[in-house]
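Each remark here refers to the structure printed beneath this line.
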Amino acid sequence: MIETIEKWIRQVSRQHESVRQSCSQFADDFEGYFAPEFLAQCRFVVTPNIPTPDNRLLNQLGLGGFFGENMVGLTLNDTYYLLPSVAENRRIYFHELVHVVQWQQLGVGGCVSRYLQEYRRYGYEHMPLERMAYGLDGQFSSGGPAVDVWNQVRTII
């Protein structure tokens, strides 16, 4: 099953290759939180539709209702996808970058497996990976002291 998801992620990445933008442009906004080298490795896409796997795969994974109307962003490995309605919201960019850190530290298979397990066990609002991302993006948006997100995630994961 993980292989199927990894294949889909690669396919989505290829489909959006020409419109992927570098997160290096956020180096000043996120100084102290994310290293410039990390941001240079990350990409984002503003798209009218968040990529979603087909319904059959979603149902097999127990994610039938996961991709709902409220979803404004989705991270897949080193790239995140955002709706135009949030394209000016730096907090959303920050949140998705926390997920990129999680993907990098857990690996693609590890992140997918953990995310699915947490979603099934806790539901979206109480998932540890999501709570971590919301906590860090909240600290950023409130103007709290900058923390090295890479090291913060490493100590929690």
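No value in this document is a laboratory result; all are computed from the given coordinates. Treat the numbers as computed from the prediction; the structure is a model and nothing was measured. With ideal geometry, Cβ positions are generated from the backbone for all residues, glycine too; neighbour counts draw on all protein chains shown.
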**Prompt:** About the Cα centre of the range 70-157, what is the dipole size in debye to 20, counting +1 per Lys and Arg Cβ and -1 per Asp and Glu Cβ, all else neutral?
**Reply:** 220 debye
**Prompt:** Radius of gyration and Dmax for the range 106-157's Cα atoms, expressed in Å?
**Reply:** 12.2, 34
**Fill in**
Here FRET efficiency (C-beta to C-beta, residue 17 to residue 71, R₀ 25 Å, nearest 0.05) is 0.65
**Request:** Starting from the Cα-Cα distance between residue 151 and residue 125, subtract it from 0.36 nm times their residue separation and give me the gain in nm to one decimal.
**Result:** 7.0 nm
**Prompt:** What is the order of 99, 126, 16, fewest Cβ neighbours within 10 Å to most?
**Reply:** 126, 16, 99
**Request:** Give, in nm to one decimal, the length gained when the segment between residue 117 and residue 60 is fully stretched (0.36 nm per residue of separation minus the Cα-Cα distance).
**Result:** 19.2 nm
**Prompt:** In what order do 78, 28 fall by count of nearby beta-carbon atoms within 10 Å, going from fewest to most?
**Reply:** 28, 78
**Request:** Let me have the 222 nm mean residue ellipticity of the chain computed from DSSP H runs of 4+ only, each contributing -39500 (n - 2.57), with the sum over all residues rounded to the nearest 500.
**Result:** -17000 deg cm²/dmol
**Fill in**
Exposed GluC sites (Glu not before Pro) being those in a DSSP loop with at most 14 other Cβ atoms within 10 Å, the longest stretch of the chain free of them is 89-157
**Request:** Using only the alpha carbons of the chain, determine the length spanned along each of the three principal axes and report them from longest to shortest in whole angstroms.
**Result:** 43, 35, 27
